[in-house]
1. For the structure I just gave you, tell me whether A104 is part of a helix (DSSP H, G or I) and touching a residue at least 24 places away in the same chain (Cβ under 8 Å).
2. Mind counting the residues in the stretch 14-39 that are surrounded by 12 or more Cβ atoms within 10 Å (Cβ to Cβ) and either in contact (Cβ under 8 Å) with a residue 60 or more places away in the chain or of a type in the set (D, E, K, R) (or both)?
3. Going by the structure shown, is P62 modelled with pLDDT under 90 and surrounded by fewer than 10 Cβ atoms within 10 Å (Cβ to Cβ)?
4. Scan the stretch 7-58 residue by residue and report those that are under 16 Å from G73 (Cβ atoms) and polar (S, T, N, Q).
5. Restricting attention to the stretch 89-109, and to residues there that are under 16 Å from L56 (Cβ atoms) and not hydrophobic (A, V, I, L, M, F, W, C), which single residue is surrounded by the most Cβ atoms within 10 Å (Cβ to Cβ)?
6. For L6, are the conditions met, namely being exposed (fewer than 10 other Cβ atoms within 10 Å of the Cβ) and of a type in the set (A, V, I, L, M)?
7. Name the residues in the stretch 36-59 that are modelled with pLDDT of 85 or more, among the small types (G, A, S) and out of contact with any helix residue (DSSP H, G or I) (no Cβ under 6 Å at 6 or more places or on another chain), would you?
8. Which one of V68, V86 is in contact with a helix residue (DSSP H, G or I) (Cβ under 6 Å, 6 or more places away or on another chain), without any contact (Cβ under 8 Å) to a residue 24 or more places away in the chain, surrounded by 14 or more Cβ atoms within 10 Å (Cβ to Cβ) and assigned to a helix (DSSP H, G or I)?
Amino acid sequence: MDNLLLEPWTWILIILVKYTVGKGGTEAILDRFPQIGRERLDRYAELYERHGPIILLLAGVPGLDTIVCTVAGAVGVKRTTFIFWVMIAKLVRFWLIAVVLTGAVNLINR
């Protein structure tokens, strides 16, 4: 249990929950936030269709990840495509954090 956050399956499960909320909660979102509207959701679907991988790479940006993942589920991005690109985004994000922290530790140890 101590190493649960180090398991890749934990992170896949977390992003799939966000995706599933978007997929299953589309009508609830539109009911709760009528200003979004079906037309806007259709525009998002077209945007994901044209630029899907680039948009899904934004899931590596803290704060945008929940929005990107939930909307991807709501507009029906294929699950395999979703998992692939979001995991790439998360790996790049954590790699960058590791590089920055390693550099900071090296500066401190000088």
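1. Numbers: part of a helix (DSSP H, G or I): yes; touching a residue at least 24 places away in the same chain (Cβ under 8 Å): no.
For A104, the condition - part of a helix (DSSP H, G or I) and touching a residue at least 24 places away in the same chain (Cβ under 8 Å) - is not met.
2. Here the count works out to 5.
3. yes
4. Selection gives T20, T26.
5. Only one residue fits best here, namely K90.
6. Numbers: exposed (fewer than 10 other Cβ atoms within 10 Å of the Cβ): yes; of a type in the set (A, V, I, L, M): yes.
So L6 passes the test.
7. G52
8. V68
The values are calculated or read from the model by the stated rules, or taken from the named source; none is laboratory data. Treat the numbers as computed from the prediction; the structure is a model and nothing was measured. Reconstructed Cβ throughout: ideal geometry from the backbone, glycine too, with neighbour counts over all protein chains shown.
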